[in-house]
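Just below is one structure, and these are the notes that go with it.
The values are calculated or read from the model by the stated rules, or taken from the named source; none is laboratory data. A quick note: this is a predicted structure, and the numbers were derived from the prediction, not measured. Cβ: placed from backbone, ideal geometry, glycine included. Neighbour counts: every protein chain shown. Just so you know, the surface numbers come from the protein's heavy atoms only, side chains and all, with ligands and any DNA or RNA stripped out. Shrake-Rupley method; radii C 1.70, N 1.55, O 1.52, S 1.80 Å.
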Amino acid sequence: MASLSVKPGQRFTVPDWQSNSHLISADAEHQRSTSHQIRQEGRALRNDTSNQAKWDESESRTRLKDRITSVDRWREALARCLTDIDLEIDALTKVKEAAEDALQAKNLCLDVAIECLTFRESRRDIDVVRDPVEEELHREVKVIERTKKELQQRVDEAFKQLCLLKEARQQLNCDHRHKVEALDLDQQCLSFNVTSGNISFKVNPTRIPYGTTALREWEQNSQCNKDRAEAEMKASIELRGAIMLTIAQTNNELDAQRIATEFALRKRIRDMEGALSELRWQEKNTLDEIAEMEEDIRQLEEDLRKRTLDLKVAHTRLETRTYRPHVELCRDQAQYGLTGEAQQLEATIRALQKKRTESQDALDALYRQLHRIQTDIGYKTNSLQLDNKCMDTRRKLVIPVEKFDPEVDAVNRTRNLPRNSQLELA
């Protein structure tokens, strides 16, 4: 007979089967609900991130445009300033050349005046007198030399101002060139988009490069360059006016003739003695000031030596504290104090060195001035001796003006003069 086969294993009840079905349905519902929520959150996130990315990119583009506008505005201002400074350099160069031409023209006037004096120096015996013509010629020589000095000073000032203008122009040109380069780079950045072929990931793109400046510093630098150029142009314009005025004044002085006949030889001797007395007083005071300055310089050097030793101590302390182990290497109040002390000592040493240099320059100037005074004393002593000789001689050489013979052939009488003879001007 056939028998019923029974499958081995656990047998579940109908409620178990129904519970399992309900559980699977419930889990499916839950998973679909969770999936739906995640999908909605994903869509919201994609929408938010997309909007944020577009907004950020639009804001960055706007800022780039604003930056380009700002840099371009400065570029145009610097370009205009460059044009103005080029025009001013050309104008000052022309005025400087005019001053040089005027200075060169004075050489002919000086040669003529000295030649006239040389002719008159060949007078002999009783005709060798200091008459009004000789006084006028001597004064003419002094006026010419003074005007030459003034013109030469103006030429030197023009040369220095040209150097300052060219230096300011160089700074402007450099700033202008840098802004052109920056505009090109920012415009490239503005042209980049997701379809550009040269975009890629970079290593640490958000780093702050070395030498980065603040926006205010950038503006101040450009403003400073522009202000300096404008100041130099203003100074150049004033100097051009002063040079033209000097040229006109020197020409007027040479055209005008003024003869100071009221100054007699006795007054000149008294003035010379007074000048010698003043110079000797200045010499004594200058020597006293030199002694005091030398003592002050020695004291400055001693203080500088002491402050240098103090700085060595501070540096040694700071260096020694760098060897503190582990967490002990902290920036405590002692560290701040030592750092401040070192910085203060360095500033003090720089101030002492600067003051020592200034004192040494002042001492050198005093020595130069002393040399000038002593040289001038020698000159004036010699002039006083010559004037006293002239006083003794003029007592014997008083003659009427009518005896002066203007028909003397001065040209022939100067042919036998030695070529190295020098004219001593009173």
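Here are the numbers for this structure:
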item	result
Every pair of residues 6+ apart whose Cβ atoms lie under 6 Å, when the first sits in region 243-255 and is farther than 16 Å from Glu97 by Cβ and part of a helix (DSSP H, G or I) while the second is of a type in the set (A, V, I, L, M, F, W, C) and modelled with pLDDT under 90	Glu253/Val143
Residues being of a type in the set (A, V, I, L, M, F, W, C) and assigned to a loop (DSSP other than H, G, I, E, B) - total across region 189-218	7
From Leu185, Leu172, residue being within 37 Å of the chain's Cα centre (by Cα), at pLDDT 85 or above, part of a helix (DSSP H, G or I) and under 14 Å from Arg75 (Cα atoms)	Leu172
Residue in region 197-219 that is closer than 18 Å to Leu82 by Cα and surrounded by 10 or more Cβ atoms within 10 Å (Cβ to Cβ) present	yes
Residue match in region 83-99 (condition: charged (D, E, K, R), assigned to a helix (DSSP H, G or I) and open to solvent by less than 30 Å² (accessible area, probe 1.4 Å))	yes
Of all residues in region 341-382 being free of Cβ contacts under 8 Å to residues at least 40 places away in the same chain and of a type in the set (Lys, Arg), the one that is surrounded by the most Cβ atoms within 10 Å (Cβ to Cβ)	Arg372
Residue within region 324-344 that is of a type outside the set (Phe, Trp, Tyr), modelled with pLDDT of 85 or more and under 30 Å from Leu279 (Cα atoms) present	no
Any hit, region 100-114, residues being under 28 Å from Cys174 (Cα atoms) and either of a type outside the set (A, V, I, L, M, F, W, C) or modelled with pLDDT under 90 (or both)	no
Qualifying residue in region 319-340 (condition: under 18 Å from Leu300 (Cβ atoms), surrounded by fewer than 14 Cβ atoms within 10 Å (Cβ to Cβ) and aliphatic (A, V, I, L, M))	no
Within region 246-301, tally of residues that are among the hydrophobic types (A, V, I, L, M, F, W, C) and modelled with pLDDT of 65 or more	14
Options Arg73, Arg32, Arg43; residue that is surrounded by 10 or more Cβ atoms within 10 Å (Cβ to Cβ), of a type outside the set (S, T, N, Q) and either under 27 Å from Val194 (Cβ atoms) or touching a residue at least 24 places away in the same chain (Cβ under 8 Å) (or both)	Arg43
